[in-house]
Amino acid sequence: MLELSELAAWRAYANTEREDGRLVGLVPTMGALHDGHVSLFRAAKAASDVVLATIFVNPRQFGDPEDLANYPRTPEADRAVALECGVDCLITPTLAEMWPDYPRCTPTTVSVRGLGDVFEGADRPGHFDGVASVVAKLFAVTGPCRAFFGEKDFQQLAVIRQMVRDLGFDVEVVGCPIVRDPDGLAQSSRNVRLSAEGRRRALGLSRALNYVVATSARASSLRATMRTILDDAGVDIAYADVVDPLTLAPTGDDEQGERRALVAGYVEGVRLIDNGRVHVVGG
């Protein structure tokens, strides 16, 4: 496995692989790799000729300095996971390479209005500006590729797809299914911060989704049910909504068909998110 940190070497490697006729697969991560990341690596291996994985904890998407400081960092374990999964090139760019002006504000920002302003964007102002800006840079350095993202961060996936359409990146964005632990909790690098009791409470997110996924009802009924289950579990609710999967617009009771249920909340100060496909019945 080749390991790079400089943008110029990273760009040259991707260009050489394409010139030799190979399709480049890109898996962007912030490290603290778990089985969800493993599933992305495997998807990229199956659908690409060469796999590039990036590990960069992007400070621009953290509004809370404490959240950034507490984000888990496991570089040696991450390297072992990438190697075991057959990643061809592991890229760990430095903060100075990615954001030379940091901690001063970077003059250029990519902002996806609308999609980036609701839910996670409303609760964490500037979060998706940071996400869109860093992903745009990853795409610009890598060049034409197939990029793999997990569906657990469903809003992030929608924002990135919109950015790719709007800015004309030669990138195919591939969404990959949520990976869950045996108890149903969606895998996240933040889960390690939960105590045993916190994890028990956190299961309210998947329990709420499991219930509404198996239920056909009006959107307002699904919302109310999710909030009740989350509240009973002891989750400090950030939001529980049913939305259009493309626009993230809230679904009205006169609408019907497949939609996306989104939930988020805090357990022991840890922000957790999850989502699932639901069927709404209007009228």
* With (1) open to solvent by 70 Å² or more (accessible area, probe 1.4 Å); (2) touching a strand residue (DSSP E or B) at 6+ places or on another chain (Cβ under 8 Å); (3) under 25 Å from G175 (Cβ atoms); (4) not β-branched (V, I, T) as the list, and A46 as the residue in question, which single condition is left unmet? -> (2)
* To do: Examine region 170-193 for a residue that is part of a helix (DSSP H, G or I) and farther than 19 Å from D274 by Cα, and state whether such a residue exists.
  => no
* Determine whether V134 is at pLDDT 95 or above, buried (at least 20 other Cβ atoms within 10 Å of the Cβ) and either touching a His at 6+ places or on another chain (Cβ under 9 Å) or in a loop (DSSP other than H, G, I, E, B) (or both). => no
* Asked: Going through region 14-38 one residue at a time, which ones are out of contact with any Ser or Thr (no Cβ under 8 Å at 6 or more places or on another chain) and either surrounded by 19 or more Cβ atoms within 10 Å (Cβ to Cβ) or of a type in the set (A, V, I, L, M, F, W, C) (or both)?
  -> E17, V38
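This table checks each residue for (1) closer than 17 Å to R271 by Cα; (2) at pLDDT below 95.
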| residue | (1), (2) |
| --- | --- |
| A158 | no, no |
| V164 | no, no |
| S195 | yes, no |
| S216 | no, yes |
| A224 | no, no |
| D236 | yes, no |
| Y239 | yes, no |
* To do: Filter region 75-113 for residues that are touching a residue at least 12 places away in the same chain (Cβ under 8 Å) and farther than 23 Å from G31 by Cβ and give the result.
  => T108, T109, S111, V112
* Asked: What about G21, is it assigned to a loop (DSSP other than H, G, I, E, B), over 20 Å from Q155 (Cβ atoms) and touching a Pro at 6+ places or on another chain (Cβ under 8 Å)?
  -> no
* Structure fact -> How many residues of region 144-162 are open to solvent by 10 Å² or more (accessible area, probe 1.4 Å) and either closer than 17 Å to M98 by Cβ or free of Cβ contacts under 8 Å to residues at least 40 places away in the same chain (or both)? The answer is 2
* Asked: Taking region 243-268, which residues are touching a residue at least 24 places away in the same chain (Cβ under 8 Å), of a type outside the set (A, V, I, L, M, F, W, C) and open to solvent by 50 Å² or more (accessible area, probe 1.4 Å)?
  -> T247, P250, D253, D254, E255, Q256, Y266, E268
* To do: Determine which single condition G252 fails, assuming it passes every other condition in (1) of a type in the set (G, A, S); (2) closer than 23 Å to C176 by Cβ; (3) part of a loop (DSSP other than H, G, I, E, B).
  => (2)
* Under the condition of being assigned to a strand (DSSP E or B) and over 13 Å from V263 (Cα atoms), which residue from region 211-242 is least open to solvent (accessible area, probe 1.4 Å)? -> A217
* Structure fact -> Checked E120, E197 against criteria (over 26 Å from G63 (Cβ atoms) and not aliphatic (A, V, I, L, M)); the one match is E197
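The values are calculated or read from the model by the stated rules, or taken from the named source; none is laboratory data. What you see is a predicted model, and the numbers here were worked out from it, not measured in a lab. Quick reminder, even Gly has a Cβ in these numbers, built from the backbone with ideal geometry, and neighbours come from all protein chains shown. In case anyone asks, the SASA skips ligands and DNA or RNA and just uses the protein heavy atoms, side chains included. Shrake-Rupley method; radii C 1.70, N 1.55, O 1.52, S 1.80 Å.
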